[in-house]
Amino acid sequence: MKIIRSKQELQIEIEAIKRSGKTVGFVPTMGALHDGHKALVSRAVAENDLSIVSVFVNPTQFNNAADLEKYPRDLKADADMLESVGCNLIFAPTSDEVYDKEELNSRFEFDFGGLDTVMEGRFRPGHFNGVVQIVSKLFQLVQPTKAYFGEKDFQQLAIIHRMVKLLKMDVEIVDCPIVRESSGLALSSRNQRLTPEQHKNAIEISKVLFESRNFAAQLAPKELSEWVVDKINSTEGLEVEYFDIADAHTLQTIDTWCNEAVGCVAVFCGEVRLIDNIRYNL
């Protein structure tokens, strides 16, 4: 397994891969890898001739400087995990390698079609501009056949699909199910920042989401949303930032149930912000 730091060296590798006609599975990450990432990479390895993983903590998608600073970084541990599942190449550039000063200091513009104004977009202004900025850059550099994303970041995944369509990128986006602990807690790099007590409290998030499915047939989306928020907030140490039940395609909040609805939540567990979602198929 190779670890590449520069775009120039990556370009040489990609040109050789393209000449050989091999397929490339790509998983973009910000490091601090866990079993959720491992599942994405394992699938990329199984479905392609070669697999590439990027490890880059992207500064342009953080609207909170303290959050960027606290984001866990351990390339050696990440590399060990990736090698264990058969990854062929890691692209781990510095910020200076990826962006020039103008890109870092100006807002990346994109037509989100309203996907960015709800849920995460309401509370993290500019976040998805940074996501599209870095993912579009990485796709241009890596030129993957398939790219793998987890459904835990449901809104991000919808935006990536739109980006590929609008920019006419020749890559297949593969949606991968949320990977959870046996307790039900969605795996996240941020879980590393939870104390044992906070981790215990955080399990309540997924418990409430799963339980809410039992009431979907009896309650309107707004009523169920209120129930979920009250139930999670009743757990000590948890505070819901938002819970929206939305159309899974448009991400717009629904007043009456549709064929494919998704409930997306963001919860503060102490200072750690966790997200999760649940599908309602009535």
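A few remarks follow.
- Boolean, PHE110 is surrounded by 14 or more Cβ atoms within 10 Å (Cβ to Cβ) and of a type in the set (Phe, Trp, Tyr): yes
- Cβ-Cβ contacts under 8 Å between residues 6 or more apart (or on different chains), taken from a first residue in segment 1-17 that is small (Gly, Ala, Ser) to a second residue that is part of a helix (DSSP H, G or I) and surrounded by 14 or more Cβ atoms within 10 Å (Cβ to Cβ), are listed as SER6/GLU97.
- Filter pass, ARG19 being on the phi < 0 side of the Ramachandran plot, part of a loop (DSSP other than H, G, I, E, B) and loosely packed, with under 15 Cβ neighbours inside 10 Å: no
- When GLU239, GLU260 are checked against the criterion of being touching a strand residue (DSSP E or B) at 6+ places or on another chain (Cβ under 6 Å), among the acidic types (Asp, Glu) and exposed (fewer than 15 other Cβ atoms within 10 Å of the Cβ), GLU239 stands alone in meeting it.
- ALA266 being of a type in the set (Gly, Ala, Ser), surrounded by 14 or more Cβ atoms within 10 Å (Cβ to Cβ), touching a residue at least 12 places away in the same chain (Cβ under 8 Å) and under 19 Å from GLN155 (Cβ atoms): yes
- Check on ALA147, surrounded by 18 or more Cβ atoms within 10 Å (Cβ to Cβ) and either of a type in the set (Phe, Trp, Tyr) or part of a strand (DSSP E or B) (or both): yes
- Qualifying residue in segment 63-71 (condition: hydroxyl-bearing (Ser, Thr, Tyr), crowded, with 20+ Cβ neighbours inside 10 Å, in the same structural domain as GLY150 (by TED's automatic domain parsing) and under 30 Å from PHE268 (Cα atoms)): no
- Within segment 103-118, the set of residues being in a helix (DSSP H, G or I) and either farther than 14 Å from LYS137 by Cβ or touching a helix residue (DSSP H, G or I) at 6+ places or on another chain (Cβ under 6 Å) (or both) comprises ASN105 only.
The values are calculated or read from the model by the stated rules, or taken from the named source; none is laboratory data. All values derive from a computational prediction rather than experimental measurement. Glycine gets a Cβ as well: all are built from the backbone with ideal geometry, and neighbour counts include every protein chain shown.
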